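The values are calculated or read from the model by the stated rules, or taken from the named source; none is laboratory data. Being a predicted model, the structure only gives us computed values, none of them experimental. With ideal geometry, Cβ positions are generated from the backbone for all residues, glycine too; neighbour counts draw on all protein chains shown. The accessibility values were calculated without ligands, DNA or RNA, using every heavy atom of the protein model including side chains. Shrake-Rupley method; radii C 1.70, N 1.55, O 1.52, S 1.80 Å.
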Amino acid sequence: MQIVHTIADLRSILAGQAKTAFVPTMGNLHEGHLSLVQMARSHGAPVVASIFVNRLQFAPHEDFDTYPRTLERDCELLRGAGCDIVFAPSERELYPEPQRYTVQPPAELADILEGHFRPGFFTGVCTVVLKLFNCVQPRYAMFGKKDYQQLMVIRRMVKQFALPIGIVAGETSRAADGLALSSRNGYLDAEQRAEAVQLSAALRRIAEAVAAGGRDWAKLESDAMAGLAARDWKPDYVAIRRQHDLGEPAPGEPLVVLAAAKLGSTRLIDNLELPAP
């Protein structure tokens, strides 16, 4: 496995490659990231993983400065997963000057849910992903479904810019108790970690209610929010939406229920796809 830190070195190594499979990350890796690397390997192409903590997608009050940087450990994990190239640029390398040109995703998709509570988040995500795509020039790129809205925003960006990249979605990786794996789970103390499973449990209760015929979407959402709040969570949203565009539920449309909530100072997100009711 090769580890490179500059765009010039990356392009030199990849010169002549007809196709590449790409896994963009912010590091502090877990089994969910590694499953995407393994999925990338199945495409029979050299696998590139990037490690870059992107300042553009953090608000001033968020955890950019304290986000764990664990490059040495991450590289060992990637080597074990079969990654071929790690691209780990510095901030100066990827942003040698202030990034005044940015990608502005459409408000109807990017300013709801996560975008409502984290203004500018998806502009930062799209801008860095497009820049990484230009550096790596992959044929395939892997994104996990845990960041469901992000996956949708990236897919739309690739389509609208006619990028020759297949976006491949990986299922959410979960711990044995159902908690979605996340780099931010490391912020939880032992008591919070035991409680954290209640977020995925709330989604499963909604899925069971819908399967049993529940159609009062607003009540299902508000009951889930109240249940989390009663356990000392601070929920931002629990939302039942159409899978294909995150619009309001409609008859015969597959659904997804998405949630974001703080447990102590740690903000967790999760989602669960539901069949058409």
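Considering Gly213, Gly227, the condition of being in a loop (DSSP other than H, G, I, E, B), small (Gly, Ala, Ser) and either open to solvent by less than 60 Å² (accessible area, probe 1.4 Å) or modelled with pLDDT under 95 (or both) is satisfied by Gly213 alone. Of everything in region 100-122 that is assigned to a helix (DSSP H, G or I) and open to solvent by 30 Å² or more (accessible area, probe 1.4 Å), the residue that is farthest from Ile3 (Cα to Cα) is Glu108. Residues in region 235-271 that are within 19 Å of Leu109 (Cβ to Cβ) and among the small types (Gly, Ala, Ser): Ala239, Gly247, Ala250, Ala259, Ala260. If you filter region 128-155 down to residues that are more than 13 Å from the chain's Cα centre (by Cα) and assigned to a loop (DSSP other than H, G, I, E, B), you find that the one that is surrounded by the most Cβ atoms within 10 Å (Cβ to Cβ) is Pro138. Take the residues in region 1-35 that are on the phi > 0 side of the Ramachandran plot and in contact with a Ser or Thr (Cβ under 7 Å, 6 or more places away or on another chain), then tell me which one is surrounded by the fewest Cβ atoms within 10 Å (Cβ to Cβ). Here the residue is Asn28.
In this structure, is Thr66 hydroxyl-bearing (Ser, Thr, Tyr) and free of Cβ contacts under 8 Å to residues at least 24 places away in the same chain?
Numbers: hydroxyl-bearing (Ser, Thr, Tyr): yes; free of Cβ contacts under 8 Å to residues at least 24 places away in the same chain: yes.
Criteria met by Thr66.
Does Phe87 fit the bill of being in contact with a strand residue (DSSP E or B) (Cβ under 7 Å, 6 or more places away or on another chain) and surrounded by 14 or more Cβ atoms within 10 Å (Cβ to Cβ)? Let's see the steps before the verdict.
Numbers: in contact with a strand residue (DSSP E or B) (Cβ under 7 Å, 6 or more places away or on another chain): yes; surrounded by 14 or more Cβ atoms within 10 Å (Cβ to Cβ): yes.
Yes.
With respect to the conditions (1) open to solvent by 40 Å² or more (accessible area, probe 1.4 Å); (2) in contact (Cβ under 8 Å) with a residue 40 or more places away in the chain; (3) in a strand (DSSP E or B), Ala259 falls short on a single one, namely (1). Checked against (1) open to solvent by less than 30 Å² (accessible area, probe 1.4 Å); (2) in a loop (DSSP other than H, G, I, E, B), Leu163 passes all but a single condition, namely (1).
Can Asp245 be described as touching a helix residue (DSSP H, G or I) at 6+ places or on another chain (Cβ under 9 Å), in a loop (DSSP other than H, G, I, E, B) and at pLDDT 95 or above?
Considered against the rule, which asks whether it is touching a helix residue (DSSP H, G or I) at 6+ places or on another chain (Cβ under 9 Å), in a loop (DSSP other than H, G, I, E, B) and at pLDDT 95 or above, Asp245 comes out as yes.
Name, by its number, the condition in (1) open to solvent by less than 90 Å² (accessible area, probe 1.4 Å); (2) at pLDDT 95 or above; (3) within 24 Å of Ala21 (Cβ to Cβ) that does not hold for Arg73. Going through (1) open to solvent by less than 90 Å² (accessible area, probe 1.4 Å); (2) at pLDDT 95 or above; (3) within 24 Å of Ala21 (Cβ to Cβ) one by one, Arg73 breaks only (1).
Would you confirm, using the coordinates I've provided, whether Phe22 is over 29 Å from Ser265 (Cβ atoms) and touching a residue at least 40 places away in the same chain (Cβ under 8 Å)? It is true that Phe22 is over 29 Å from Ser265 (Cβ atoms) and touching a residue at least 40 places away in the same chain (Cβ under 8 Å).
Go through Val47, Val125 for me and flag whichever is open to solvent by less than 10 Å² (accessible area, probe 1.4 Å) and either in contact (Cβ under 8 Å) with a residue 60 or more places away in the chain or aromatic (Phe, Trp, Tyr) (or both).
Working: Val47 fails: either in contact (Cβ under 8 Å) with a residue 60 or more places away in the chain or aromatic (Phe, Trp, Tyr) (or both).
Checking each option against the conditions leaves just Val125.
Only residues that are free of Cβ contacts under 8 Å to residues at least 40 places away in the same chain and within 17 Å of Tyr148 (Cα to Cα) were counted across region 94-115, and they come to 4.
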